[in-house]
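The values are calculated or read from the model by the stated rules, or taken from the named source; none is laboratory data. Quantities reported herein were computed from a predicted structural model and do not represent experimental measurements. Note: ideal-geometry Cβ built from the backbone for every residue, glycine included; neighbour counts use all protein chains shown.
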Amino acid sequence: MAVSPNKVQDRKEDLTDFSHVGPDTLSGRYLRHFWHPVHRSQDLRAGQAITTRLLGEEFTLYRGQSGTVHMVGGRCAHRGTQLSTGWVEEDCIRCFYHGWKYDGDGRCVEQPAEDEGFARKVSVDGHPVHEYLGLIFAYVGEGTPPPMPHFRFMEEFDESKAFRITEKFTKGYNYRHGMENSVDPVHVAFVHRNSEYRGLPGCPSVEAEETDYGLKLRSIRPHGSIRITQWQMPTILYIKQGPRDPAETAWRDFLLWRKPVDDESFVELSASLVYMPEGERQRFLHSNEAMMANDPAPELGMKALRNEIHTDDITDLQLAVNVQDYVAQYGQGTFYDRSGERLGRSDVGVILLRKLYARELTALAEGRPLTSWKTFEPEATTGL
């Protein structure tokens, strides 16, 4: 059932609620203890500034003329206009409205119409950023940021067999829909039965266990294959993902982050190793970028939800999975009240993820230390 976010927020704070992400919410405060991807590196050119939203707040992301990326507050401290409409000058950004200029740490360094020295008293927030695996990550919490997770298997691989791509898709519903979908292997047997996951036939039995990085799932199918799902807290998914292009020679290594924009939208940002002969890669990249630039999945998904088409009508493997997931997840509504659910034994992954979040939110609310999650090493899926 879809409900108004305001109606949910009016309730007494729920230590099991990690759907809300604003700075005044418990789950929003928790998520601010981590690095989050905010953009693809290739989509931000030198001298360009954009507005980006993360965890219910607005920021200005820009790449200086030196190539260095910076992220500062979304609006000028003078009279509140949007900073991204201004000009990037070297590694600073100048406001469009009255020319106030800020450096990459958010300090005002110039005010053309004001007395000299006034600028030293003015600043906007500045936030640490880090480029990694073709994505731009930011930390918007308080204090010193934690170490950035690094994934050696995504850095060191045989480039004659595979290459790395990044992808970005925007979703118009709560980020938790997508997260809980990722730790629900049973949905693959139904939502994706006519897709690239043809190597995973049948409804699996599911096992879940807590790990030092988060949780691990084993989905065991009738023909004997065991697919491993690894979830690193708070929002990182790793799986082997089926080929979507005829030229792919093996299943992908798929690493996904979900960037919560606000309570009603999020962005999926991923880095994948695609196994493909070198001669096919440029064709594939061109096609994949074109598909992302004009992503038809939301429109097709809404048609399916209006019963104008069925997802079985979509035979393009590159597109089908995105549409199928959109239908299943947006079909819950933009924001979903989970209080009336009836969970079963196959929902062990969802139950465990909720347990981990509830434990962390309780610790935060009580002022106790949070878990220092490790970084996983990938485990092999068998029988594909």
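Considering segment 55-78, and only residues there that are in contact with a Cys (Cβ under 9 Å, 6 or more places away or on another chain) and farther than 28 Å from VAL21 by Cβ, the residue that is surrounded by the fewest Cβ atoms within 10 Å (Cβ to Cβ) turns out to be HIS78. The requirement of being outside any loop (DSSP other than H, G, I, E, B), surrounded by fewer than 15 Cβ atoms within 10 Å (Cβ to Cβ) and under 33 Å from the mean Cα position of the chain (by Cα) is fulfilled somewhere in segment 127-134, by at least one residue. A Cβ distance below 7 Å, combined with a sequence gap of six or more or placement on separate chains, defines the contacts here; from segment 368-380, residues that are at negative phi reach residues that are hydroxyl-bearing (Ser, Thr, Tyr) and modelled with pLDDT of 95 or more in the pairs TRP373/TYR213; LYS374/TYR213; THR375/TYR213; PHE376/TYR213; PHE376/TYR238; PRO378/TYR238.
Given the condition touching a residue at least 12 places away in the same chain (Cβ under 8 Å), assigned by TED's automatic domain parsing to the domain that holds GLN111, within 24 Å of THR375 (Cβ to Cβ) and part of a loop (DSSP other than H, G, I, E, B), answer yes or no: does some residue in segment 28-51 qualify? No: zero hits.
If you go through segment 164-187 and keep only what is part of a strand (DSSP E or B) and of a type in the set (Lys, Arg), you end up with ARG164, LYS168, LYS171. Here the condition is being aliphatic (A, V, I, L, M), in contact with a helix residue (DSSP H, G or I) (Cβ under 7 Å, 6 or more places away or on another chain) and in contact (Cβ under 8 Å) with a residue 24 or more places away in the chain; of VAL327, VAL261, it holds for VAL327 alone. Which is farther than 20 Å from GLU57 by Cα, of a type outside the set (Asp, Glu), in a helix (DSSP H, G or I) and at pLDDT below 95, of LYS7, LYS12? Testing whether each residue is farther than 20 Å from GLU57 by Cα, of a type outside the set (Asp, Glu), in a helix (DSSP H, G or I) and at pLDDT below 95 leaves just LYS7. Do we have any residue at all in segment 145-163 that's in a strand (DSSP E or B) and over 30 Å from GLU278 (Cβ atoms)? Taking every residue of segment 145-163 in turn, none turns out to be in a strand (DSSP E or B) and over 30 Å from GLU278 (Cβ atoms). Restricting attention to segment 79-121, the residues that are surrounded by fewer than 17 Cβ atoms within 10 Å (Cβ to Cβ), of a type outside the set (Asp, Glu) and touching a Ser or Thr at 6+ places or on another chain (Cβ under 9 Å) add up to 6.
Taking the conditions exactly as written (among the β-branched types (Val, Ile, Thr) and out of contact with any Lys or Arg (no Cβ under 9 Å at 6 or more places or on another chain)), does THR249 satisfy them or not? When the stated conditions are applied, THR249 does not pass them. Each residue in segment 356-382 was checked for being over 21 Å from the mean Cα position of the chain (by Cα) and under 24 Å from PRO204 (Cβ atoms), and 4 pass. Restricting attention to segment 316-354 and to residues that are in contact with a strand residue (DSSP E or B) (Cβ under 7 Å, 6 or more places away or on another chain) and of a type in the set (A, V, I, L, M, F, W, C), the residue that is surrounded by the most Cβ atoms within 10 Å (Cβ to Cβ) turns out to be LEU353. Only residues that are more than 15 Å from TYR173 (Cα to Cα), part of a helix (DSSP H, G or I) and either touching a residue at least 12 places away in the same chain (Cβ under 8 Å) or in contact with a Leu (Cβ under 8 Å, 6 or more places away or on another chain) (or both) were counted in segment 289-323, giving 11. Mind checking whether some residue in segment 158-170 is at pLDDT 95 or above, under 30 Å from ASP313 (Cβ atoms) and basic (Lys, Arg)? Yes, that holds for at least one residue. Please verify whether segment 267-281 includes one or more residues that are β-branched (Val, Ile, Thr) and over 19 Å from the mean Cα position of the chain (by Cα). Yes, the conditions are met somewhere in segment 267-281.
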